[in-house]
Every structure is written in C-alpha cells, then in structure tokens.
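Participant: One structure, pasted below without further comment.
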Amino acid sequence: MNVRKSPLKLYASHKAVIANFLHLPGPNRVQNIISRVASLSEPEAEQLYKEVITDFGQRHHDIETIFSENF
C-alpha cells in the first residue's frame, strides 16, 4: 500500500462539537464507572464537576442541560 501525505489540514471547531451519550459495551465497564463515581465524596464530586464544566463548557453549548438530559 502506498501512503501519501495530503496538504489538507483539518482544524477543530467548537461550533461543530456534538455531545452524545456514551454507550459503553458490557455491563462491567458501566458498573466500574458507576462504582468509581459513587465512591467520590461530595466535595470531590463537586470539584470534578467544576473542572468538567471549565474544560468543556466552551466547547458544548449549554453543557449542563445536556448532562441533565442524559442523567
């Protein structure tokens, strides 16, 4: 197989980012995540939530509504 590098460059756009619910295969993976989140203390959970909002809030329009709908 011959591979040729293209001069075309693709750049991310915050306007094109779509937040979708993540479907993980297998009950063990889902249960593992639920267990890890459930083991967090209230202050830890609040801090992580703030970090997620800070990191992704600008990329996803109304991210808190998306979280509420997926919850």
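Participant: If you go through segment 10-27 one residue at a time, do you hit one that is among the aliphatic types (A, V, I, L, M), loosely packed, with under 10 Cβ neighbours inside 10 Å and at pLDDT 85 or above?
Facilitator: From segment 10-27, those among the aliphatic types (A, V, I, L, M) are 10, 12, 16-19, 22, 24; that's our starting set.
Now drop any that are not loosely packed, with under 10 Cβ neighbours inside 10 Å, which leaves 10, 12, 16, 18, 22.
The next check asks that each one be at pLDDT 85 or above; those that pass are 10.
Yes - at least one qualifying residue is present in segment 10-27.
Participant: Has segment 47-58 got at least one residue that is touching a residue at least 40 places away in the same chain (Cβ under 8 Å), closer than 22 Å to Ala12 by Cα and out of contact with any Leu (no Cβ under 8 Å at 6 or more places or on another chain)? Before you say what the answer is, go through the steps one by one.
Facilitator: Residues of segment 47-58 that are touching a residue at least 40 places away in the same chain (Cβ under 8 Å), as a first pass: 58.
When the remaining residues are screened for being closer than 22 Å to Ala12 by Cα, the result is 58.
Keeping just the survivors that are out of contact with any Leu (no Cβ under 8 Å at 6 or more places or on another chain) gives 58.
For segment 47-58, residues touching a residue at least 40 places away in the same chain (Cβ under 8 Å), closer than 22 Å to Ala12 by Cα and out of contact with any Leu (no Cβ under 8 Å at 6 or more places or on another chain): present.
Participant: Follow-up. Does Ala45 satisfy being hydrophobic (A, V, I, L, M, F, W, C), touching a helix residue (DSSP H, G or I) at 6+ places or on another chain (Cβ under 7 Å) and surrounded by 10 or more Cβ atoms within 10 Å (Cβ to Cβ)? Spell out the reasoning first.
Facilitator: Values: hydrophobic (A, V, I, L, M, F, W, C): yes; touching a helix residue (DSSP H, G or I) at 6+ places or on another chain (Cβ under 7 Å): no; surrounded by 10 or more Cβ atoms within 10 Å (Cβ to Cβ): yes.
Criteria not met by Ala45.
Participant: Can you name every residue in segment 15-42 that is in contact with a helix residue (DSSP H, G or I) (Cβ under 8 Å, 6 or more places away or on another chain) and under 16 Å from Ile66 (Cα atoms)? Give the steps one after another, and end with the answer.
Facilitator: Residues of segment 15-42 in contact with a helix residue (DSSP H, G or I) (Cβ under 8 Å, 6 or more places away or on another chain): 19, 21, 24, 37, 40.
Ala19, Phe21, listed by residue number.
The values are calculated or read from the model by the stated rules, or taken from the named source; none is laboratory data. Nothing here was measured: the structure is a model prediction, and the numbers come from that model. When we count neighbours, we look across all protein chains shown, and the Cβ atoms used for this are built from the backbone with ideal geometry, even at glycine.
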